[in-house]
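First up is the structure itself, then whatever we jot down about it.
The values are calculated or read from the model by the stated rules, or taken from the named source; none is laboratory data. On a predicted model such as this, the values are computed, not experimentally measured, just so you know. All Cβ positions, even for glycine, are placed from backbone atoms using ideal geometry, and neighbour counts span all protein chains on display.
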């Protein structure tokens, strides 16, 4: 077993991961984030909450998800053995439901009847609408007008699940603006409304709480790879927009120093093209949506429009914990372009019979760079965070 | 003495100070200095100059709109400082800069505070910096004699009101309703505002209190601010400009509204 050398305990009591995080929200929201912090603290120590959550994850979400050996992809590269953590097999088709279920249970404990959420690719919106349907809660999802076009299937799914989808016409009409609108709704309806944030972003305690609801991904992976290979992996790869699937996948491995952890951002047309979502690669620290983190912004501090073929990664910020892990060097971050992600969609579909989400494809695309540096006795695990059905429109246009 | 404190000291007992918000660089870069001075002539006691941000999450559609236009017009923090310098050549009206933290952070907190103070700025309102996070700017603000003005809302506990009082100087900004900025129907800024201001008065004893959010007329101001030291109007002014700019009389329309707003108990 790996010896634990550094003790990783983040965030601190004020919600800071190193210098990132915090609670940069209007005074009106402070009582709400405080109440959430307290309730989450109580719930996470309450055996009945955890058993209810685990039962739902087991019976409703379909956990644990499999760790699949990618034999043909491994053959294709002829180097390290490649495994896929199959979050695409979760109910609703992506990891997002882990967090949505957890937060809906919290909302219930707090007696909140109305749920709001923001969504980019629509996966978090669908997951939230699903959890709300299951628990009989009112659900309003804010979604950028542009995203509603490119993720129409998910819009239809949300409607069918009984959610109201509100089209956001401001700014870039994508995830950033949907988040602004969700926060404005929350400010206005703070007494009866619970805001289910879909990534490891926002004011404390969200980045910590969302990570913890997703750490089941990494916990299962660790157990499964020990069973399959009898050792820890040499590499973990996940895509990073806000960074929820990556954070949940990485977190249980942070103290395992032998594990190389790699987060893949969306380069869009290229990191230097001006049309990118590679926040860590191109950004600098700033404050957006309630926390300090790396951001894409101009010299005047105005937030820049991100670009990615993948709606879920099309965000000019990133979670504060990723910002911290980037600064400390514990996690290495790289970026792949829209085209590279499309190639990965095709390769994974043909070699493994899995059509990945465009977000997920970014993680697989990094294998092109990584694999030649690996050896046959090594193990690589890619988090297969979601399936690609929702992206068939975009994929078809780019084939 | 700081111009805000001076203004409250000079205020008559039955007088309500009127603080007016205008987005710097809206409707165009050239007009800001002139309309600040024009609003003073028509009764404004203080000016809140909005520093536009691309993602103003505590603001409603009106201020989002004016911020977008001002950013398109090329507004920057340096240009706002130049505007303040120009105003200072002709007026001693207290000027408070109001905006979000990211542009300030990007500018450099220390440099921002130094230049703001040197330009003649009298205070700062940063809606996304609650008291819990104000150490990000407190040291430099204090070193440059720039008061931080914190906000309290109807859902703020007594303890948080006291905290806002102890961490603010100049005044405390009371948000009359839970929600984003914007003119509202009279009913929305409701009956509960009296109880809120009463609680504010019990807890905030070190600073004057100004009430804002949702005030669009003389009647609104009178109903909402009768137990406060003054009131703040923003979106209603922006809406008036939006409706009449660039007609020749757009400034006169603005000043007419300003003139009508002021009241005494």
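Between B:137, B:149, B:125, the distinction of being out of contact with any strand residue (DSSP E or B) (no Cβ under 6 Å at 6 or more places or on another chain) and buried (at least 21 other Cβ atoms within 10 Å of the Cβ) belongs to B:137 only. Scanning region A:1-16 for residues that are surrounded by 10 or more Cβ atoms within 10 Å (Cβ to Cβ), modelled with pLDDT of 90 or more and part of a loop (DSSP other than H, G, I, E, B) yields a count of 6. For region A:151-174, a tally of residues being out of contact with any strand residue (DSSP E or B) (no Cβ under 6 Å at 6 or more places or on another chain) and either within 14 Å of chain B (Cβ to nearest Cβ) or surrounded by fewer than 24 Cβ atoms within 10 Å (Cβ to Cβ) (or both) returns 13. Is one or more of the residues making up region B:69-84 crowded, with 23+ Cβ neighbours inside 10 Å, under 15 Å from the mean Cα position of the chain (by Cα) and outside any helix (DSSP H, G or I)? No, there is no match, as no residue in region B:69-84 is crowded, with 23+ Cβ neighbours inside 10 Å, under 15 Å from the mean Cα position of the chain (by Cα) and outside any helix (DSSP H, G or I).
If you go through region A:17-35, how many residues are touching a residue at least 40 places away in the same chain (Cβ under 8 Å), within 14 Å of chain B (Cβ to nearest Cβ) and buried (at least 19 other Cβ atoms within 10 Å of the Cβ)? So the count comes out to 11. Among the residues of region B:199-209, are any within 14 Å of chain A (Cβ to nearest Cβ), farther than 21 Å from residue B:20 by Cα and part of a loop (DSSP other than H, G, I, E, B)? Yes, the conditions are met somewhere in region B:199-209. Tally time: how many residues in region B:162-175 are in a helix (DSSP H, G or I) and crowded, with 24+ Cβ neighbours inside 10 Å? The number of residues fulfilling the criteria is 1. Taking the conditions exactly as written (within 25 Å of residue B:109 (Cβ to Cβ) and either within 14 Å of another protein chain (Cβ to nearest Cβ) or out of contact with any strand residue (DSSP E or B) (no Cβ under 7 Å at 6 or more places or on another chain) (or both)), does residue B:55 satisfy them or not? It is true that residue B:55 is within 25 Å of residue B:109 (Cβ to Cβ) and either within 14 Å of another protein chain (Cβ to nearest Cβ) or out of contact with any strand residue (DSSP E or B) (no Cβ under 7 Å at 6 or more places or on another chain) (or both). Among the residues that make up region A:269-279, is at least one of them within 29 Å of residue A:26 (Cβ to Cβ) and modelled with pLDDT of 95 or more? Looking for residues that are within 29 Å of residue A:26 (Cβ to Cβ) and modelled with pLDDT of 95 or more, one finds at least one in region A:269-279, hence yes. In summary, residue B:182 fulfils each of the numbered conditions (1) in contact with a helix residue (DSSP H, G or I) (Cβ under 6 Å, 6 or more places away or on another chain); (2) at pLDDT 95 or above; (3) on the phi > 0 side of the Ramachandran plot with the single exception of condition (2).
Residues that are touching a strand residue (DSSP E or B) at 6+ places or on another chain (Cβ under 9 Å) and outside any helix (DSSP H, G or I) within region B:247-265 comprise B:262, B:263, B:264, B:265, listed in sequence order.
Of everything in region A:272-308 that is away from chain B (no Cβ under 14 Å) and more than 16 Å from the chain's Cα centre (by Cα), the residue that is surrounded by the most Cβ atoms within 10 Å (Cβ to Cβ) is A:276.
With respect to the conditions (1) surrounded by 24 or more Cβ atoms within 10 Å (Cβ to Cβ); (2) part of a helix (DSSP H, G or I); (3) more than 10 Å from chain A (Cβ to nearest Cβ), residue B:97 falls short on a single one, namely (2). Residue A:8 falls short of the stated requirement of being under 21 Å from residue A:232 (Cβ atoms) and touching a helix residue (DSSP H, G or I) at 6+ places or on another chain (Cβ under 8 Å).
Each row is one residue, and each column tells you yes or no for (1) within 14 Å of the chain's Cα centre (by Cα); (2) facing chain A (nearest Cβ under 10 Å).
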site: B:108; (1), (2): no, no
site: B:117; (1), (2): no, no
site: B:125; (1), (2): yes, no
site: B:137; (1), (2): no, no
site: B:151; (1), (2): yes, yes
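Rundown of residues vs (1) more than 13 Å from every other protein chain (Cβ to nearest Cβ); (2) in contact with a strand residue (DSSP E or B) (Cβ under 9 Å, 6 or more places away or on another chain), yes/no style:
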{"residue": "B:32", "(1), (2)": "yes, yes"}
{"residue": "B:36", "(1), (2)": "yes, yes"}
{"residue": "B:72", "(1), (2)": "no, no"}
{"residue": "B:82", "(1), (2)": "yes, no"}
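Of the residues that make up region A:102-110, is at least one more than 21 Å from the chain's Cα centre (by Cα), assigned to a loop (DSSP other than H, G, I, E, B), under 30 Å from residue B:129 (Cβ atoms) and within 14 Å of another protein chain (Cβ to nearest Cβ)? No; the residues of region A:102-110 include none that is more than 21 Å from the chain's Cα centre (by Cα), assigned to a loop (DSSP other than H, G, I, E, B), under 30 Å from residue B:129 (Cβ atoms) and within 14 Å of another protein chain (Cβ to nearest Cβ). Within region A:313-331, being surrounded by 24 or more Cβ atoms within 10 Å (Cβ to Cβ) and either without any contact (Cβ under 8 Å) to a residue 24 or more places away in the chain or assigned to a loop (DSSP other than H, G, I, E, B) (or both) holds for A:314, A:315, A:316, A:318, A:319. Of the residues making up region A:17-35, not one is farther than 14 Å from residue A:320 by Cβ and in a strand (DSSP E or B).
If you go through region B:144-175 and keep only what is more than 21 Å from residue A:34 (Cα to Cα) and either free of Cβ contacts under 8 Å to residues at least 12 places away in the same chain or in contact with a helix residue (DSSP H, G or I) (Cβ under 7 Å, 6 or more places away or on another chain) (or both), you end up with B:144, B:145, B:146, B:147, B:148, B:170, B:171, B:172. Among the residues of region A:266-284, is there at least one that is under 17 Å from residue A:385 (Cα atoms) and touching a strand residue (DSSP E or B) at 6+ places or on another chain (Cβ under 9 Å)? Yes, that holds for at least one residue.
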